[in-house]
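The values are calculated or read from the model by the stated rules, or taken from the named source; none is laboratory data. Computed from a predicted model, the values in this text were never measured in an experiment. Here Cβ is always computed from backbone atoms with ideal geometry, including for glycine, and neighbour counts include all displayed protein chains. SASA here: full protein model, heavy atoms, side chains in, ligands and nucleic acids out. Shrake-Rupley method; radii C 1.70, N 1.55, O 1.52, S 1.80 Å.
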Amino acid sequence: MSKRNIIAIDIGSFFLKAIHFEVDENSSITPISLDKMPVDGIINGEIQDMESLRKSISTLIEHLRQEYEKKLKNPEIIVGYSTNSLNITEENFTVEFSQRTEIKEKELRNIKKNVIKKYTSEGKIVLDSNFVKFYIDEKTVKNPVSFFAEKSLTTTLNVVWVEENSFSLLINVLKDVVYSSEIPIYDSTLSNSYIVTTPNDRNVGVTVLDFGYSTCRIIIFKDGIPKLFYSFPYGMKYVLKDISNILKVSEREAHRLLMEEGSCSRDTKVMKKVDFQLLTGSGYSYVPLALLNKIIFARLREIVSRLNGELSKIGYERTFEVGALQGGIVITGGGSKIRNIESTIKELMGENFRKSSLVSVDSFRNIPEEIRKDPDYLPVFGIVERYRLDLLEEDLYYENTKEHLSNSNKKEKTTSKSSSAFKTFFRKITGGEEDAL
C-alpha cells in the first residue's frame, strides 16, 4: 500500500506555517519537512488581499514539494485558520422508540449526524461536538450503550460552531490552490487546544491562552469539553508597534528584535547593545538591550494585566458553569515564544501555568523534540489530528450504513465487520480521547 501525503497549513496573521506528513499503511503520521514564511494579504487578523494570500500559500506548498525527494503529486491539503467568533451551545436531541430497544453505538453516531445536519441547514459549521448528558426513559445514565430503552433516549451535546461565512473568503482563496472541491478547514485555536492538553486537563478544568499577533484567544475546558471561548483584542502587534515607533524600524525588524534579541524583563542593568536596521534602509543603528527589554516588558505587562482582569471577570460571572480550573493555564501561540514572558504571567496570573507542548501524540511518529515544543507548528499537528478523527468517524458512519442496508435485505450476500470491530474502532475515537468527537 502506497503512503499518503498530507500538507497541513496553519494560516496566521503574521506567518504561514506548514508541515508535510507521510501516512503509512498503519495510519501512523510522520512529519517529513516543514516551512514557515511571512504571510501577505492578512491585515489585523482579517483577509484583505485574497490574491496575495493565494500566492503566499502556493509558494509555501511549492517549497515543501521541492524539499521532498520523490515527486509529490496531488497531496491532500488541510488548512487551519483562527476565527474570532467561535460559538459554544448545548443541543438536546431525543430519539423515541415504539418498542423496547437496546441502545447501540450506531444510535449515538446517528444522533451526531442529525445534529450536524440541523446546524448545516441553519447556515452553521460544526467544528466540535461532544455528548455531555444521557437520559433513558427520563433517567440519567453515564453511558447509554447496552441499556434498553422502553420509550426514548434523550441526549445533550456540547457543540462548537461558527457561521458558514467565517471561512468563505478563505475557501475562495484556496479554490485555485488545492486539487479537491472539498477543502478540510479547521479552527486553529480549537485544534491546538486539544493537542496541547490531556484528557485529564480538560476534565479538571484548564484555560488555553493562544497569544497571537492581533488577538489573544482563550478557550476554557471543564468536564472534558470546551465551555467558553473569548477573544481578547490585544496581541503581539501592540508590542511590535511600540518597538517600531520608539526605534523607528519596520514591523519585520521589530519582530526580529522582539524574538531574537529582547526579553520581557524589567532588568535595566544589562549593558549589551543591539544593532538594528533603520526604517529608511540606509544603514544601521543600535539600542541598549536594557531599553529594548523595558519597551517589551511595559507593553506585555499591560496586556497580561488587562487579560487577567477579563478572565477574573468571566470566572466570577460564570462560576457555576466553569468553576475551579485545577489544570491551570497553558499558553501557546507566537507570543509564548517571547523570552521570559512566563515570569510576568506567573506574577499576574498565578503559578499554575505552563508553556504548550505536544502532549496528545499517539497518532504521530518521529517528532523532533524542538518541534514538539515549538508553538508555531503545534496548530499544524492539531488540524491534522482533527482531520484524522473526522476520517475515522466518516468511515464508521459508512460502515454503519452499509451494515444497515445489508440487514434490510438478508438475501443479498455481503461481508461486514463484526460489532466487536465497531466497538474497537469506536473506542479509538472515544476511549482515550472521548472528547475528540
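Is there any pair linking a residue in region 288-301 that is among the aromatic types (Phe, Trp, Tyr) to one that is open to solvent by less than 10 Å² (accessible area, probe 1.4 Å), with Cβ under 8 Å and at least six apart or on different chains, and which? Partner pairs satisfying both residue conditions: 297/264; 297/344.
In region 163-183 there is at least one residue that is modelled with pLDDT under 90, among the acidic types (Asp, Glu), open to solvent by 30 Å² or more (accessible area, probe 1.4 Å) and part of a helix (DSSP H, G or I).
Just one residue in the set 137, 128 is free of Cβ contacts under 8 Å to residues at least 40 places away in the same chain and either open to solvent by less than 90 Å² (accessible area, probe 1.4 Å) or small (Gly, Ala, Ser) (or both); that residue is 137.
Condition test on residue 95, is it within 30 Å of residue 39 (Cβ to Cβ) and surrounded by 13 or more Cβ atoms within 10 Å (Cβ to Cβ)? So residue 95 does not fit the description; no. All of (1) closer than 30 Å to residue 159 by Cβ; (2) out of contact with any strand residue (DSSP E or B) (no Cβ under 7 Å at 6 or more places or on another chain) hold for residue 244 with one exception: (1).
Of the residues contained in region 100-113, none is found to be touching a helix residue (DSSP H, G or I) at 6+ places or on another chain (Cβ under 6 Å) and either small (Gly, Ala, Ser) or in a strand (DSSP E or B) (or both). Scanning region 151-162 for residues that are within 26 Å of residue 332 (Cα to Cα) and either crowded, with 22+ Cβ neighbours inside 10 Å or more than 18 Å from the chain's Cα centre (by Cα) (or both) turns up 159, 161. In region 256-270 there is at least one residue matching the filter, namely being open to solvent by less than 20 Å² (accessible area, probe 1.4 Å) and assigned to a helix (DSSP H, G or I). Residue count for region 351-376, restricted to those that are aromatic (Phe, Trp, Tyr) and under 16 Å from residue 22 (Cβ atoms): 1. With the requirement that a residue be of a type in the set (Lys, Arg) and assigned to a loop (DSSP other than H, G, I, E, B), what does region 42-82 give you? Correct list: 70, 71, 73. Entry remark, region 21-52: residues being of a type outside the set (Asp, Glu), more than 16 Å from residue 388 (Cβ to Cβ) and either open to solvent by less than 30 Å² (accessible area, probe 1.4 Å) or at pLDDT 90 or above (or both) number 14 in total.
The set of residues in region 326-360 being open to solvent by 20 Å² or more (accessible area, probe 1.4 Å), of a type in the set (Gly, Ala, Ser) and in a helix (DSSP H, G or I) consists of 334, 343.
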